[in-house]
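Please read the structure below before turning to the comments.
The values are calculated or read from the model by the stated rules, or taken from the named source; none is laboratory data. Being a predicted model, the structure only gives us computed values, none of them experimental. Cβ placement follows ideal geometry from the backbone for every residue including glycine, while neighbour counts extend to all protein chains displayed.
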Amino acid sequence: MFVLQLVAAFFYFGIKWYATGERPSFAMDTGLALATLAATLLAHGITLLLSWWVVTNSGRLPFWQSLGWKWHPQFKSVHAIALALLMLGLAILFERILPHGKTDFQRLLELSFSVRVFIVILAVGTAPLVEELVYRGLLFSSIEKAKNWKLAVVVVTVLFAIVHVPQYWGSPAAIGAILSLSLALTLLRAFTGQLLPCVATHLIFNSIQAVVLLASPPSAELAPSTSAFIHSCLPLISGAIK
C-alpha cells in the first residue's frame, strides 16, 4: 500500500509542477490526499485478489466457504450491532478519561468534504473486508494452525494495533480505541471460528462513524471517537510529507 501511495504522490507532485511551473510544496493538501486515497483503494483491490488466490489455492477451493462466511449460532446480526455500539461507547469513554492531541489523521479529515467522502467510501466499501480478511482471516488462521488460538489472538491484536499507531500518535484515546476494537474483533474470530461476524461488526462500527463524519460541519474539529474508526484509510506518507 505504501509503495502505491508513494507513486501516487510522485505523479501528483509532477503534474502539479508541470501545470503551475512552480516547485510544489510538500505539505498535505486536498489533491495529495485524494491521490493517495485513490492509491489506497487500488491497494485494497490488489489485496483482495491476492487473498482470493491464497484462500482458494489458485481457484481450487470455494472462496467464501473457505473464509468461514456464515453466522455462529450464538452470534447473529443483532449481536454485531450491539458489539459495534459497545466499541463506539468504549471509544467515547477513552476520549473522556485519556489525553488526546490532534493527530495527522484528524488533520486529513479536516482538509475538505471531498476527502471525507473518499475516506468514507474506503471505510465502508473496502476496509472492513480487506482488513478482516488479512488479519482475522489469513494471519489468524495461520498462527492458530501452527501454534494455538491464544497466541493467534495476542499476535493479531497487537499487530493490528501497531500498524495504526503512527497515524494516531499523540492521542492515547484514539490508540486505546483501536487496541480495544482489535482485541474485540480477534476474540470474536476465536470464539465463532468464522470471519463473517468480524466483517459485519467492523462494517457496522465504521458505518455509524461514517454518518457522523459526513454530518459534521466541514470546519468542525473532530474528536478521536469520530476519527479513530477508519484506521486503514490514512496514507502512511501523510506524516512524512509536510
Reported set for the stretch 64-85 where residues are assigned to a helix (DSSP H, G or I) and surrounded by 15 or more Cβ atoms within 10 Å (Cβ to Cβ) is Ser66, Leu67, His79, Ala80, Ile81, Leu83, Ala84
Which listed residue, of Leu48, Leu61, Leu109, is under 18 Å from the mean Cα position of the chain (by Cα) and at pLDDT 90 or above = Leu48
When you go through (1) over 18 Å from Ile178 (Cα atoms); (2) assigned to a helix (DSSP H, G or I); (3) free of Cβ contacts under 8 Å to residues at least 24 places away in the same chain one by one for Leu138, which number turns out not to apply?
-> (3)
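Would you check which residues across the stretch 50-86 are hydrophobic (A, V, I, L, M, F, W, C), more than 26 Å from Ala210 (Cα to Cα) and without any contact (Cβ under 8 Å) to a residue 24 or more places away in the chain and list them?
Initially, the stretch 50-86 is screened for residues hydrophobic (A, V, I, L, M, F, W, C), giving 50, 52-55, 61, 63-64, 67, 69, 71, 75, 78, 80-86.
After this cut, where a residue has to be more than 26 Å from Ala210 (Cα to Cα) as well, the list is 50, 52-55, 61, 63-64, 67.
Hits for the stretch 50-86 are Leu50, Trp52, Trp53, Leu61, Phe63, Trp64.
Need a quick list: helices (runs of 4 or more DSSP H) entirely within the stretch 150-232 having at least 1 residues that are of a type in the set (Ser, Thr, Tyr) and either modelled with pLDDT of 95 or more or closer than 30 Å to Phe63 by Cβ (or both).
Helices (runs of 4 or more DSSP H) meeting the threshold: 172-192, 196-215.
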Please work out if Leu86 is among the aliphatic types (A, V, I, L, M) and either more than 21 Å from Ala173 (Cα to Cα) or in contact with a strand residue (DSSP E or B) (Cβ under 6 Å, 6 or more places away or on another chain) (or both).
-> no
